[in-house]
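Quick notes on the structure that follows.
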Amino acid sequence: MNEPHRARRGHDFWPPAEVLEAIPALDATEEVAAGDKVVHLHYFVGGCDWWVVEVDSIERPQLTFGYVCLGDPQLAEWGYIDLHELAEVFRPPLIIVERDLHWTPRPAGEVIPYL
């Protein structure tokens with residue numbers, strides 16, 4: 001997969017295959033209450049956060065579904081997240097979206113303060 005800005009980021013943007021395999025497919029958690037959906041990935045930059053709960057497929061992990069807060073909790077919402085777009089974000093000198101390397105899957109109600 002395309003790994004733009006890998007050298008600047010200092011780590012892989014894309015999670016390992018075993019992490020992707022554990023993420024439910026798109027729409028698989030539709031009937032699960034918001035706070036009970038398991039967040040499998042977390043991406044961040046500055047005051048912005050993307051929490052991923054579903055992925056299109058292991059072969060096409062760029063389209064995901066999750067919760068997004070772009071700095072204003074009142075405007076945060078569930079929606080589709082294009083990880084290719086996040087991987088491309090770079091504004092010198094400091095703005096680059098990173099994957100939380102220490103993330104462990106947990107229910108959204110435990111990790112997203114705005115729910």
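If a/c stays under 1.5 just call it rounded; otherwise compare a/b with b/c (prolate if a/b is bigger, oblate if not). Do that for the chain, with a ≥ b ≥ c from the square roots of the Cα gyration tensor eigenvalues.
The shape class here is oblate.
Give me Thr29, Thr104 ranked fewest to most by other Cβ atoms within 10 Å of their Cβ, as a rough exposure proxy.
With the fewest neighbours first, Thr29, Thr104 line up as Thr104, Thr29.
In a Gaussian network model over the chain where Cα atoms closer than 10 Å are linked, find which of Leu94, Leu41, Leu26 has the largest mean-square fluctuation.
Result: Leu94 has the largest fluctuation of those listed.
Can you give me the relative contact order of the chain as a percent, contacts being Cα pairs under 8 Å and 6 or more apart? Present the calculation step by step, with values, prior to reporting the outcome.
Working: 195 pairs, mean separation 32.8, N = 115.
Worked out over the chain, it gives 29 percent.
For the chain, set up a Gaussian network in which alpha carbons nearer than 10 Å are linked by springs, and say which option among Gly66, Gly35, Gly46 fluctuates the most.
Gly46
As an exercise, identify the chymotrypsin sites (Phe, Trp or Tyr not before Pro) in segment 65-115 lying in DSSP coil whose Cβ has no more than 13 other Cβ atoms within 10 Å.
Tyr114
All of the numbers you see were taken from the coordinates with simple rules; none came from a lab. Keep in mind it's a predicted model, so treat the numbers as computed, not measured. Neighbour counts are summed over all protein chains in view; Cβ atoms, including those assigned to glycine, are modelled from backbone coordinates with ideal geometry.
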